Structure formats: structure tokens, C-alpha cells
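The next block holds one structure in the form of C-alpha cells; read it before the comments.
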Amino acid sequence: MELLKRSIAAIQPLNVEVLAQANERLANQARPAGSLGMLEPTSARLAAIFGTLDVRLDNKVIVTCAGDHGVTDEGVSLFPQEVTAQMVFNFVGQGASINVLAKHAGATVKVADLGVNFDFDPDLPIFHKKVGKGTANFARVPAMDRQDAVRSVEAGIEIVNELLADGPVDMLGTGDMGIGNTTPSSAVIAAFSGIAVDKLTGRGTGIGDAALANKIRVIEQALALHRPDPKDPLDVLAKVGGFEIGGLAGLVIGAAAAGIPVVSDGFFSSAGALIACELAPAAKAYLFASHRSVEVGHRFMHERLGVEPLLDLQFRLGEGTGAAVAMELLDAATRVLCDIKTFEEVAIVDAQR
């Protein structure tokens, strides 16, 4: 718990002087004010994070956190649990969607095992942070105990610190892999928001109507049984979360503590970001939402976080794919602020009278 406490305490507010300078430059650029929409406040916030108008995102990393979920025993997913481990090997072999999109964005993909129900070779080049071999079936018992919830969050923080020990990181993306993981994601936002489960729960990998009704029933049963406390994020994580949700939360907190902007991916990654920002509200200043997925609960997560996603591409994959695509926009935002000339610089007078 000490690492978590220290990391939360280390999160610093943004540089308000640079933020003001960025907004002033944006307002005076040789174009209609506000004409580049969300790229403008995005570029200003990046400047405030780095303390300079000339931000360079040269070192981008996406960490894909993997874990299994005991609640798959309830028939909430189309795919068997074994697929999680198989996809970890695919990530390492550079054959997955995230590998292709990250390469295009100039980002490195790292995989972290937070709770896969498989014994990976210790020499496999991933972050070996296994808290347990999958969570318990939270339809019947809590997903994990509180100690493991803390351990999962601190594992994410450790990953950030280990990345920084190897070299600079200018931007961190979060991604996930875990069969059945949209079920705990819906449970997490339901626990915090109190919104009806059927309004927050989607089809995940593409389940049919009967399976969706069962999924909703399973989540409602778990919430009624365990009564997670929305004022206690670790209680929510322990009762209806996942080990990789905790890891993702730790990535957000660890990045914010190190002054690094973090780009969250889809529904499941946003569940991790939500846990992080409930634990450490100051971390939200460093968080960028990459996209809104087709999962119906994702919008409610963004509303709870108070963030607006950069994209809506109808993704429903995870892995960090949305984060990878958004990184290209974030690169563009840095150039918008620094490279577009002001009216004064191009000697245009009284252009916006």
C-alpha cells in the first residue's frame, strides 16, 4: 500500500503558466479561433504537462495488461479462457492488431501478465506481474481480496517505474486482453454510478440475446451479493473487478506520478482509468481518452471521468488499438500548437476584428 500512497502523493498539478501561454498562442494563430476543435485544448494540456510549447512525443509505449476472469464460468463470453494466453503469445510475436497499429504510430508494445490462467516461461519477454491465475467467479464470491486489489494496482505502478528505468517515456498507452473482461467492466461502472446494469452492459465479443440477458443477470446478482462501496475504489476493484483492471489503474497513477500523459483505450482500459481517478483525482489531468467503443457502458465511463474521447471508430477490440490510433492525433496536436504561425508571425493585421 505504501507504493500506491507515495505515487498518489507524487502527482503534481499541471503548469498553469505554460497552459495560459499555450491557450494564448492558439487564440492568435492564423486561422479562425477554435477551428481545430479538440486538438486545441489537447495540445494545450500536453504543453502544460511537459512545461513547454514544443512537445515531442518521441518515446511512446503501449502496455497491454492481460488477465483471466472466473466469471466466464457463467457463460458471459463466446470464447474460452484459454484464448487469453494464446493472445499473449501473439502479442509477443508481433502478430496482433495492436502490434500493427502501434508500429504505425511509432509506439512500442509491452505485455504484462497480471492474472492469466497459464504458467508463462519466466524468460518470455513480458512483465511478469501475476497476482493470481485469474480472479474468482464474482457471481458467487468476491473477485479477489483487498490485498490482491492493492497488489494489482501497485504492479501497474511498478511497470511504469521499470519502463522509466530502461529509458525515457513521453507517452503511455493502456490496453487489455482478457476473455470475459467486459463483464467486470460493466460491473465497475455500475458500482460507481448506480445506473441500471442493462443500460451499461453490451455484447462484448458478440454474444446473442440470451447470453446478454444472462450477462446482465450475473452482474446484477454480483452487485446485490457483494454491495461494493462506490466511495472505496479498492472495494469495487476487489469485489467485481479484475487483476488487469487494477494493473491498468496502476499504469495511470504511475504515469501521472512521473508526469507522463497516458492514453486509455476502450471499455476495459477505461474501467482501469476510472479506478485510478477515483483513487487519485489529480491523475485525471494526465489522462486522455482515445476513443469511444461500441460497448454501451463506455459513454457512462467517460461521463464519470469527465473526459471527451478523441475518436469514435466503432472499435470493440481492446488490446490498446484505440490508444495507438489516438497517439497519431496527439502527435499532430503537438505540431498544431508549436508550428502553426500566429497572425503576428505572418504579418496579418486585424484579421479577426
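The values are calculated or read from the model by the stated rules, or taken from the named source; none is laboratory data. Being a predicted model, the structure only gives us computed values, none of them experimental. Here the Cβ is made from the backbone with ideal geometry for all residues, glycine too, and neighbour counts use every protein chain on show. Surface accessibility is based on the protein's heavy atoms, side chains included, excluding ligands, DNA and RNA. Shrake-Rupley method; radii C 1.70, N 1.55, O 1.52, S 1.80 Å.
Can you give the three extents of the C-alpha atoms in segment 1-98 along their principal axes, from longest to shortest, in whole Å?
Projected onto its principal axes, the Cα set of segment 1-98 covers 57, 39, 28 Å.
What is the ratio of the Cα radius of gyration of segment 118-270 to 2.2 N^0.38 Å, with N the residue count, to two decimals?
1.07
Identify which of VAL336, VAL71, VAL16 has the largest mean-square fluctuation in a Gaussian network model of the chain, with springs joining Cα atoms closer than 10 Å.
VAL16
Net charge around ASP119, counting only other residues with Cβ within less than 15 Å of its Cβ (Lys, Arg = +1; Asp, Glu = -1)?
My count for the surroundings of ASP119 gives -2.
Give LYS133/LYS215; LYS129/LYS231; LYS110/LYS133; LYS103/LYS215; LYS110/LYS199 a once-over and call out the pairs whose C-alpha atoms are over 31 Å from each other.
Listed pairs above 31 Å: LYS103/LYS215; LYS110/LYS199.
For segment 206-216, take each phi angle, set θ = phi - 60°, evaluate the Karplus expression 6.51 cos²θ - 1.76 cosθ + 1.60, and give the result in whole Hz per residue in order, putting x for glycine and proline.
For segment 206-216, the Karplus curve yields x, 5, x, 5, 5, 5, 5, 4, 5, 4, 4 Hz.
Can you tell me the convex hull volume per residue for segment 212-353, based on C-alpha atoms, in Å³ to the nearest whole number?
Output value, Cα hull per residue: 152 Å³.
Which distance in Å, rounded to a whole number, links the C-alpha centroids of segment 295-324 and segment 225-290?
14
Using the Cα centre as the reference, give the magnitude of the dipole from point charges on the C-beta atoms of the chain (Lys, Arg: +1; Asp, Glu: -1; all else neutral), rounded to the nearest 20 debye.
In total the dipole reaches around 580 debye.
Set Lys and Arg Cβ to +1 and Asp and Glu Cβ to -1, take the dipole of the chain about its Cα centre, and tell me which of ILE207, VAL160, GLY266 lies farthest positive.
Farthest towards the positive end: ILE207.
Pick from ALA271, ALA48, ALA255 the residue whose mean-square fluctuation is largest in a GNM of the chain, springs joining Cα atoms under 10 Å.
Maximum fluctuation in the GNM of the chain, among the listed residues, is at ALA48.
Could you work out Rg/(2.2 N^0.38 Å) for the chain, with Rg from alpha carbons only?
That ratio works out to 0.99.
Between segment 4-51 and segment 150-179, how far is it from one alpha carbon centroid to the other, in angstrom?
The two parts, judged by their Cα centres, are 24 Å apart.
Under a Cβ-Cβ cut-off of 12 Å, what is the net charge of the residues other than LEU57 that fall near it, where Lys and Arg count +1 and Asp and Glu count -1?
Net local charge, LEU57 excluded: -2.
If you average 1/r over all unlike Cα pairs in segment 44-201 and invert the result, what Kirkwood radius do you get in angstrom?
17.3
Give the accessible area for GLU17 in Å² (nearest 10); use a 1.4 Å probe, count only protein heavy atoms, and leave out ligands, DNA and RNA.
Near enough 130 Å² of accessible area.
Once you've got the GNM for the chain with C-alpha springs shorter than 10 Å, pick whichever of GLY206, GLY37, GLY318 has the biggest mean-square fluctuation.
Maximum fluctuation in the GNM of the chain, among the listed residues, is at GLY37.
How high is the relative contact order of segment 84-216, in percent, counting Cα pairs under 8 Å that sit 6 or more residues apart?
Answer for segment 84-216 is 16 percent.
Calculate for the chain the 222 nm mean residue ellipticity that helices alone would give, adding -39,500 (n - 2.57) per DSSP H run of length 4 or more and normalising by residue count, nearest 500 deg cm²/dmol.
So the calculated ellipticity at 222 nm is -15000 deg cm²/dmol.
Using only Cα atoms, what Kirkwood radius does segment 125-205 have, in angstroms?
When all Cα pairs of segment 125-205 are included, the Kirkwood radius is 15.2 Å.
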